[in-house]
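Visitor: Please read through the structure below; I'll follow up with questions.
Coordinate-derived values only; no laboratory data. Predicted model, so just to flag it, every value in this text is computed and none were measured. FYI the Cβ positions are ideal-geometry reconstructions off the backbone, even for glycines, and counts take in every protein chain you see.
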Amino acid sequence: MTIAARPAPVEGGWVLRDLALLLLVQFVWGANWVPSKIAVAEIPPLMLMAIRFGLLALAFLPFMRWHPREMGVLLAAALTNGALHFGLLFVGLSLGGDIAPLAVVVQLGIPFVTLLSMVFLGDRVGVWRAGALALAFGGSLVVGFDPRVLTYIDAVLVCGSASFMWAIGAIMMRKLKHIRVFDMQGWIAMLAWPPLLAASLAIEPDPVGHVLASSPATWVSIAYLVIGASIVGHAGFNFLLQRYPIPKMAPFLPIAPLFASFLGVVWFGDEITWRIALGGAMTIAGVIIITIREGRRRPPA
């Protein structure tokens, strides 16, 4: 498959190879939480993200093109969906806590997009999507008021803010036309790393010293963040979006947060209480309903 070639849509059921790719992407994204937590333990979060986006910018440089009429919107999308989203997300991760609640709160990006599309794009929300919104946000409240989660509620709130920044960036991206996946990812990376680096040097204690003193395990984790989660994960998922409608893919989306929660228990000894399990199930169910209704309402871009 070349980047220039657009994959043909598939009629009917799943092609086994494509289903395997979708499952691989979900496992890659779910496993992403482990190397993220390992790396952020040694490198300050903003510096870590500056390194990640800098490496991604180099990787995607051959695919990047200049878009004179859309660079302003692209800059806004890069700052929100790139620098602010990932900066806040990894700051939240650095504040500690179990993976499961943070993975649940990150899923609020899609409900936030729905709310923002109502305000700024004039989209209507029917009974199904309104109920799904209530279910998703209600589930997050159940998670947030768990006594164990309250001990690191600051991390949960920061990760929730990261989801909101992602939603703003997603609204911006709806305005971008005729920009291919790797081209857009390259520009987001190129425009995100300078402000992240500047912020790190300004407010984080000795970020360069932490980078120089980091262990091989941290650099392996960074390689996973760049190659696994960003290149393999996003490229594979966007390839599938061109072949299958969103409602057909939606039932598989909970695999990533569920796998992340499982790895948090196995790798870090996290504890999943009944409130976290119930609230997580409510939030993920709401996200799936919104995704399915969104996909049926209009074809994916």
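Visitor: Could you give me the percent of Cα pairs per 5 Å distance bin for region 153-301, shortest bin first, beginning at zero and ending with the bin that holds the maximum distance?
Guide: So the P(r) values, bin by bin, are 2, 6, 9, 17, 20, 17, 14, 9, 4, 1, 0.
Visitor: If you split all Cα-Cα distances of the chain into 10 Å bins from zero, what percentages do you get per bin, shortest first?
Guide: Result, from short to long distances: 6, 27, 37, 25, 5, 0 percent.
Visitor: If each Cα of region 175-228 is one equal point scatterer, what is log10 of I(q)/I(0) from the Debye formula at q = 0.13, 0.30 Å⁻¹?
Guide: For the requested q values the scattering log ratios are -0.50, -1.11.
Visitor: Nearest 500 deg cm²/dmol is fine: what mean residue ellipticity at 222 nm does the chain get from its DSSP H runs of n ≥ 4 alone, each adding -39,500 (n - 2.57), divided by its residue count?
Guide: When only DSSP H runs of four or more count, the value is -21000 deg cm²/dmol.
Visitor: Pop a pseudo-label 7 angstrom from the Cα along the beta-carbon direction at both residue 220 and residue 175 and give the gap in nm to one decimal.
Guide: 4.4
Visitor: Now for a separate question. Rg/Rh for region 1-154: what does it come to with C-alpha atoms and Rh from Kirkwood?
Guide: 1.00
Visitor: Taking the Cα centre of region 141-296 as the origin and placing charges on Cβ (Lys, Arg +1; Asp, Glu -1), which of 260, 156, 237 is farthest toward the positive end of the dipole?
Guide: 237
Visitor: Distances over 18 Å make up what percent of all Cα-Cα pairs in region 74-148?
Guide: Counting every Cα pair in region 74-148, those more than 18 Å apart make up 53 percent.
Visitor: If we sort 59-71, 155-167 on the protection proxy, mean other Cβ atoms within 10 Å, highest first, what's the order?
Guide: In descending order of packing, they fall as 155-167, 59-71.
Visitor: Note down the magnitude of the dipole of region 151-243 about its Cα centre, charges +1 on Lys and Arg C-beta and -1 on Asp and Glu C-beta and zero elsewhere, to the nearest 20 debye.
Guide: Once rounded to the nearest 20, the dipole reads 620 debye.
Visitor: Pop the C-beta distance of residue 66 and residue 212 into the FRET formula with R0 = 45 Å and round what comes out to the nearest 0.05.
Guide: Using R0 = 45 Å, I get an efficiency of 0.80.
Visitor: Hey, for a label at residue 235 modelled as a point 7 Å past Cα toward Cβ, could you say which residues of region 181-203 have their backbone N under 16 Å away?
Guide: Flagged as within label range: 181-187, 189.
Visitor: Let me ask another. Hydropathy at least 0.5 by Kyte-Doolittle, axial extent at least 27 angstrom from the Cα trace: which helices of the chain, defined as entire DSSP H runs, fit?
Guide: 153-173, 181-203, 274-297
Visitor: I'd like the distance between the alpha-carbon centres of region 104-177 and region 274-292, rounded to an integer number of Å.
Guide: Region 104-177 and region 274-292 have Cα centres separated by 12 Å.
Visitor: How large are Rg and Dmax for region 234-295 when calculated on the C-alpha trace, in angstrom?
Guide: My reading of the Cα-based Rg and Dmax gives 14.0, 39 Å.
Visitor: Between residue 255 and residue 42, what is the FRET efficiency for a Förster distance of 25 Å, r being their Cβ-Cβ separation, to the nearest 0.05?
Guide: Once rounded, the FRET efficiency stands at 0.30.
Visitor: For residue 177, give me every one of the aspartates and glutamates with a C-alpha distance below 18 angstrom, ignoring sequence neighbours fewer than eight places off in its own chain.
Guide: In chain and number order, the partners are 70.
Visitor: For region 105-224, how big is Rg over Rh, using alpha carbon atoms and the Kirkwood form of Rh?
Guide: The Rg/Rh ratio comes out at 1.05.
Visitor: Also: Kindly rank 209-217, 191-199, 79-87, 172-180 from highest to lowest mean number of other beta carbons found within 10 Å of each residue.
Guide: Answer by packing, highest mean first, reads 79-87, 191-199, 172-180, 209-217.
Visitor: Considering the dipole of the chain built from charges on the beta carbon (Lys and Arg +1, Asp and Glu -1) around the Cα centre, which of 108, 247, 26 is farthest to its positive end?
Guide: 247
Visitor: Distance in nm between label sites at residue 23 and residue 153, each 7 Å beyond Cα in the beta-carbon direction?
Guide: 4.1
Visitor: Also, quick follow-up: Whole Å is fine, so just give me how far the alpha carbon centre of region 23-70 lies from that of region 218-262.
Guide: 13
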